[in-house]
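Here's the structure, in structure tokens; my notes come after.
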Amino acid sequence: SVSVKAKNKTYVNYRLKTSTLPVFNEYHARFYTFNEKINKYIKVVPDIIQDMICPVVLAHFIIGDGSFSSDGRVRIFTNHYTYDECALLTKAIQKNCDIQCAVLFDRTSKNGEKQYILTIGKTQLEKLQFLVKPYIHDTILYRVGVLYNPFKCNIKLY
């Protein structure tokens, strides 16, 4: 803990440090590249993504960046990826998971770059739910259109 003095009061701040294992270095090297213009690492979709996508990976994409919209679609917010990277992801999901999805223009960023999301339509929802439900905790199944009720069974919205 660290003491921080303000005008009339002293606050205690707590800091956490985490460590990582060397096994994760390989994944960092695959999914991040150093951008010299901005002097930091940026997320990228590796060329070998088609060998990596499976229902578990798709579930984790949805857990981290997915949402369910009121029109029955699942959106995966891939705004930090280029259109080509999103297209590569879409192709891998379609081939390896047999889920039809599309790349959609979302918005233009503050620095003028186009940002895209992946969308999985209502016609694919039941198949998607069946595929990823075993890998998503009940309390966040809402990201694929399933409401969690601790007293009853899960309720599908669509």
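Within region 62-90, which residues are over 11 Å from V45 (Cβ atoms) and under 12 Å from the mean Cα position of the chain (by Cα)?
I62, I63, G64, D65, G66, S67, V74, R75, I76, F77, N79
Can you name the residue in region 42-91 that is in a loop (DSSP other than H, G, I, E, B), of a type in the set (S, T, Y) and open to solvent by less than 50 Å² (accessible area, probe 1.4 Å) and, of all such residues, is farthest from Q115 (Cα to Cα)?
S69
Kindly list the number of the only condition in (1) modelled with pLDDT of 95 or more; (2) in contact with a Phe, Trp or Tyr (Cβ under 6 Å, 6 or more places away or on another chain) that fails for C101.
C101 satisfies all of (1) modelled with pLDDT of 95 or more; (2) in contact with a Phe, Trp or Tyr (Cβ under 6 Å, 6 or more places away or on another chain) except (2).
Whether any residue in region 104-126 is in contact with a helix residue (DSSP H, G or I) (Cβ under 6 Å, 6 or more places away or on another chain), surrounded by fewer than 19 Cβ atoms within 10 Å (Cβ to Cβ) and either in contact (Cβ under 8 Å) with a residue 12 or more places away in the chain or among the hydroxyl-bearing types (S, T, Y) (or both) is what I want to check.
no
Y148 fails exactly one of the following numbered conditions: (1) touching a helix residue (DSSP H, G or I) at 6+ places or on another chain (Cβ under 8 Å); (2) of a type in the set (F, W, Y); (3) touching a residue at least 12 places away in the same chain (Cβ under 8 Å). What is the number of that condition?
Here Y148 meets the rest and fails (3).
Specify the residue that is least open to solvent (accessible area, probe 1.4 Å); the eligible residues are those in region 127-151 that are over 13 Å from F68 (Cβ atoms) and outside any helix (DSSP H, G or I).
Restricting to residues being over 13 Å from F68 (Cβ atoms) and outside any helix (DSSP H, G or I), the top hit is N149.
Pairs please, first residue from region 30-57 and farther than 30 Å from P134 by Cβ, second anywhere and among the aliphatic types (A, V, I, L, M) and open to solvent by less than 90 Å² (accessible area, probe 1.4 Å), Cβ atoms under 9 Å, 6+ apart in sequence or on different chains.
Every condition considered, the pairs that remain are T33/I42; T33/V44; F34/I42; N35/I42.
Can you tell me how many residues in region 6-33 are in a helix (DSSP H, G or I) and loosely packed, with under 10 Cβ neighbours inside 10 Å? I'd like the intermediate steps shown before the answer.
Just the residues of region 6-33 that are in a helix (DSSP H, G or I), to begin with: 22-31.
After this cut, where a residue has to be loosely packed, with under 10 Cβ neighbours inside 10 Å as well, the list is 22-24, 26.
Summing the residues that are in a helix (DSSP H, G or I) and loosely packed, with under 10 Cβ neighbours inside 10 Å in region 6-33 gives 4.
The values are calculated or read from the model by the stated rules, or taken from the named source; none is laboratory data. Here the structure is a predicted model, which is why all the values come from computation and not from measurement. For neighbour counting, all protein chains shown are included, and Cβ atoms are generated from backbone atoms with ideal geometry for every residue, glycine included. Note: accessible area is taken over every heavy atom of the protein model, side chains too, but ligands, DNA and RNA are not part of it. Shrake-Rupley method; radii C 1.70, N 1.55, O 1.52, S 1.80 Å.
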